[in-house]
Amino acid sequence: MLLVHAKGGPPLGHVLSRTAAKAEVHLLALSALPPAVAGSARRLCASVMTPAGAHRSDLVSLIVARAEAVGADAVLTFSEYAVVAVAEACEALGLAGAGGASALARDKRLMRRTWQRHGLPQPEFRPVDTEADLHAAARSLPGPLLLKAAWSAGSTAHQIIRSPHEVPAAWARSCDVMAESARLGYAELHVAEADADYVVEQIVTGTASDWFDEPGWGDYVSVEGVVANGTFHPVCLSGRMPTVEPFTERASITPAPLARDAQDRIVDLARRAVDALGLRDCGTHTEIKLGAGGSMWLIETAARFGGAMTVPQIEEVFGLDLVGMLVDHLLGHPVAWPERALTPARARGAAGSLVVLAVDGRGRAWQDRKVWDFPAVSADIPLSRGSRLSVVEESSLADGRVVPVYDPAAGANTMAALCLLSAADARTVLRDFETLVDALPRVLPAAQPEEVSA
């Protein structure tokens with residue numbers, strides 16, 4: 001197995017251990033290995049290659065050459081930013097992969113046009129390439145509007161536009177954020193000038209109360225699944241806490257505590273969305289906005305598993321090693337995918353991941369700068385009996401680092417840490433996360449002026 005690593009996706013440590021249990025792993029690292037897993041990566045992998053910048057101009061050729069050099073029987077990535085390059089490399093090698101339609105699950109303009117042709121429910125939208133295009137769209141679409149970079153991930157470069165006079169500032173800010181994201185390595189690796197492509201869409205009104213029996217849930221869910229030989233297999237649903245403005249994700253919780261008929265209707269829409277994109281062999285992650293009276297709108301589908309801790313959450317709650325199962329499938333081994341999406345009744349407790357941002361439960365910025373200190377968090381914040389909290393080291397600041405100021409336009413780029421919580425049920429995870437969010441600015445140590453300036 002040639003595993004192509006880049007930023008984003010499930011933690012590399014989790015991916016490597018599950019892949020190495022199934023195959024000899026050769027790692028092609030397009031991003032620097034997280035220090036927390038660099039040692040284990042070299043123990044688990046038969047080879048680790050980090051190509052120099054001069055050899056990365058043609059990423060598909062690089063992947064093909066490396067796959068041929070190690071005799072790879074399959075090539076796989078879990079990073080949004082490398083999905084298209086790996087899919088095209090698999091096509092060139094004659095190996096199983098997402099297929100030639102992979103860009104439809106990456107470029108939000110192509111994705112929305114495809115769904116529009118299939119008559120699937122989604123917000124009204126317009127592709128925009130220039131500030132003039134954005135002005136025209138703001139005049140024609142009902143507001144408020146959301147400007148998105150077409151190839152972004154992690155809610156980066158999102159800008160809410162409430163009136164036409166906000167267009168110039170929104171356009172300039174999104175362009176600046178995409179340039180900064182590219183510098184940090186959070187950008188499309190294969191498509192040239194992808195940071196110049198945008199889409200603007202109407203913001204639809206979600207209503208979580210029509211779907212969940214208790215307050216506190218966000219108004220959207222994700223359907224986790226896989227496409228094997230062109231057939232979509234839904235695995236389960238994950239719920240959310242409300243986003244932080246503009247639409248930055250704060251937490252994912254598995255399973256989503258929905259009634260069976262509601263889950264079935266959501267899965268049916270996800271199936272139609274994935275089928276319309278024509279994917280072949282890959283993980284999928286489909287986000288769906290929930291509205292009043294059973295209405296739904298497609299947000300997006302990715303041709304890879306959900307990022308952050310979505311995959312480890314599923315393994316803990318449902319006992320499914322999705323990474324290992326996908327590796328087996330790509331290598332041609334039989335895999336018993338779930339016959340239908342697993343429900344909360346099948347779950348062994350619940351698990352969730354929390355993105356630590358410097359905002360309180362209402363989305364307001366912390367009044368003072370803080371230092372990240374997980375031992376203080378775990379010792380001083382009371383959680384429910386039986387709940388277990390851990391930190392994902394490779395996705396978090398080291399203890400003692402100053403927590404970044406939350407930047408609405410930068411989204412998850414300004415996260416301080418990623419925490420995993422396991423509990424008896426989804427409701428308990430949600431309540432414990434609310435407790436954590438409220439307590440963090442009180443429990444974390446204050447940053448000293450010299451630390452902030454550094």
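Laboratory data are not the source of any read-out in this text; all were calculated from the coordinates shown. Worth saying up front: this structure is predicted, and the values here are computed from it rather than measured. Note that each Cβ is placed from the backbone with ideal geometry, even for glycine, and that neighbours are counted across all protein chains shown.
Of the beta bridges in the chain, as assigned by DSSP with both residues counted there, near 85 percent are antiparallel. Mean projected area of the convex hull spanned by the Cα atoms of the range 124-202, taken over all viewing directions: 4.6 nm². The range 85-109 and the range 9-76 have their alpha-carbon centroids 18 Å apart. Other residues with beta-carbon under 11 Å from the beta-carbon of Thr114 carry, at +1 per Lys or Arg and -1 per Asp or Glu, a net charge of +3. Taking θ as phi - 60° and the Karplus parameters 6.51, -1.76 and 1.60, the scalar couplings of the range 177-183 work out to 5, 5, 5, 5, 4, 5, 5 Hz in sequence order, x denoting glycine and proline.
Taking 0.692 mPa s as the viscosity and 37 °C as the temperature, the Stokes-Einstein diffusion coefficient of the range 1-107 based on its alpha-carbon Kirkwood radius rounds to 238 µm²/s. Taking the inverse of the mean 1/r over every pair of distinct Cα atoms in the range 71-122 gives a Kirkwood hydrodynamic radius of 12.0 Å. Each of His333, Ala276, Ile288 was placed along the dipole of the range 273-368 (beta-carbon charges, centred on the mean Cα), and the one lying farthest toward the positive end is Ile288.
Taking other residues whose beta carbon is less than 15 angstrom from the beta carbon of Pro11, and scoring Lys, Arg as +1 and Asp, Glu as -1, yields -3. Computed over the chain, the P(r) tail beyond 30 angstrom holds 43 percent of alpha carbon pairs.
Binning all Cα-Cα separations of the range 349-454 at 5 Å, short to long from zero, yields these whole-percent fractions: 2, 13, 24, 25, 20, 10, 4, 1, 0. Across the range 270-318, Cα-Cα pairs farther apart than 13 Å form 64% of the total.
When the trypsin sites (Lys or Arg not before Pro) in the range 78-168 are filtered for DSSP coil states and for at most 15 other beta-carbon atoms within 10 Å of their beta-carbon, the remaining sites are Arg162. Provide Rg over Rh for the range 213-344; use the alpha carbon set for both Rg and the Kirkwood Rh (inverse mean inverse pair distance). Value, to two decimals: 0.95.
Averaging over all projection directions, the Cα-based convex hull of the range 274-407 occupies 12.1 nm² in the image plane. With the simple spin-label model, which puts each label point 7 Å out from Cα in the Cβ direction, the Glu68 to Ala172 separation comes to 4.9 nm. Neighbours of Val244, meaning other residues whose beta-carbon lies under 15 angstrom from its beta-carbon, give a summed charge of -3 when Lys and Arg score +1 and Asp and Glu score -1.
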